[in-house]
1. 5 Å is the cut-off here: which amide hydrogens, built 1.01 Å from N in the peptide plane, fall below it relative to Leu219, excluding neighbours closer than 5 in sequence?
2. Which distance in Å, rounded to a whole number, links the C-alpha centroids of the range 122-140 and the range 22-50?
3. Normalised by the number of residues in the range 31-144, what is the relative contact order in percent for Cα pairs under 8 Å and 6+ residues apart?
4. Dipole of the range 20-121, Cα-centred, from +1 at each Lys and Arg C-beta and -1 at each Asp and Glu C-beta, to the nearest 20 debye?
5. DSSP beta bridges in the range 2-117, what fraction antiparallel, as a percent rounded to 5?
6. Using 0.36 nm per residue of separation minus the Cα-Cα distance, give me the extension gain between Thr181 and Val37 in nm, one decimal.
7. By counting other Cβ atoms within 10 Å of each Cβ, how are Arg173, Arg178 ranked from fewest to most?
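What follows draws every value from the coordinates through simple rules; no lab data is involved. Please read these numbers as outputs of a predicted model, since none were measured by experiment. Here Cβ is always computed from backbone atoms with ideal geometry, including for glycine, and neighbour counts include all displayed protein chains.
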Amino acid sequence: MKRLYFIVNPRSGQGQIKRRLGDVLDIFIKAGYEVTVHITQAPRDAVTRAACAAQDGYDLIVCSGGDGTLNEVVSGVMNSGRDVPIGYLPAGSTNDFSRSLQIPLDTSQAALLAVRGTPHRFDVGMLGDRRFIYVAAFGAFTELTYQTPQDMKNSLGYLAYVMEGVRTIGSIRPHHVRIETDDTAIEGDYIVGLVTNSISVGGMPIPAIQDSHLDDGLLEVLLVKNPENVFDFTVAVSDLITGNTVNTEAVTFFKTHRLTVSCDEEISWTVDGEDGGAWRDVTIENIPRAVSIMTHRRLSNLRGDRAAELPEREN
């Protein structure tokens with residue numbers, strides 16, 4: 001019998017997995033799996049458990065949690081040196097990576113996809129020694145995207161970020177950084193730096209990265225320059241989130257497989273919404289097609305406009 005290792009973060013989101021655990025296990029068992037369940041006990045616990053499960057020969061590792069939980073499971077599987085497919089039941093507050101793959105937020109539908117979908121290989125990013133599945137970021141937006149209430153995002157769109165940013169603009173401090181790639185070097189004062197492999201960040205789609213492919217070996221880089229006043233800040237956020245203009249005086253955008261970011265002082269980074277450490281000099285690179293994740297059977301591409309096909313549930 002095939003074996004499935006199920007890693008559950010019960011603290012993600014509003015703990016909805018606790019109410020759906022029986023339904024999820026029923027789906028897994030009816031799909032022909034012998035299931036082992038592990039409830040995470042501490043930060044980074046999922047890294048260790050995923051690595052052990054992969055080394056123990058499990059056929060499929062599924063996790064329920066937010067993007068941070070998925071990040072840990074991906075890291076654990078990669079640490080193991082074994083290529084074990086990963087299923088994902090998104091249960092966080094933003095679920096950016098699941099948006100990119102159109103993994104259903106409905107728990108039962110996501111569970112079906114985890115066991116009856118198709119494994120597809122995706123790129124993984126590296127910030128120094130830390131892996132990320134969809135974003136590494138520094139600056140104001142790293143806090144702005146996660147502090148802005150989701151109901152404001154839903155009702156006001158990018159204006160929610162503008163309103164939250166204006167409220168906190170007095171505390172925004174730019175970083176003077178130099179960024180080098182194989183092709184170019186740029187230097188300036190920036191309040192935001194995003195290195196992504198996704199079509200949304202912080203629960204909000206960003207038009208400039210809507211055409212991103214998640215398996216092309218490239219990372220998308222978005223930089224927002226330091227505004228001189230509230231009006232310039234509003235223009236910068238508008239340019240970033242509405243996609244009306246790219247590579248303006250406010251926003252710089254490019255793609256690369258590798259870059260280095262240098263600063264005279266340590267910059268705090270986030271990776272997939274979690275603490276990514278503080279760095280003065282750091283290399284960020286793409287590891288092409290590094291991990292297998294269960295997705296839809298039919299993939300015309302890996303962007304948000306692809307056609308999705310969900311598996312039928314057995315009675």
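1. For Leu219, the qualifying residues are Thr256, His257.
2. So the separation of the two Cα centres works out to 25 Å.
3. 21
4. Dipole magnitude for the range 20-121 comes out near 120 debye.
5. Antiparallel bridges: around 0 percent, rounded to the nearest 5.
6. Values: separation 144, 0.36 × 144 = 51.84 nm, distance 4.33 nm.
Computed gain between Thr181 and Val37 is 47.5 nm.
7. With the fewest neighbours first, Arg173, Arg178 line up as Arg173, Arg178.
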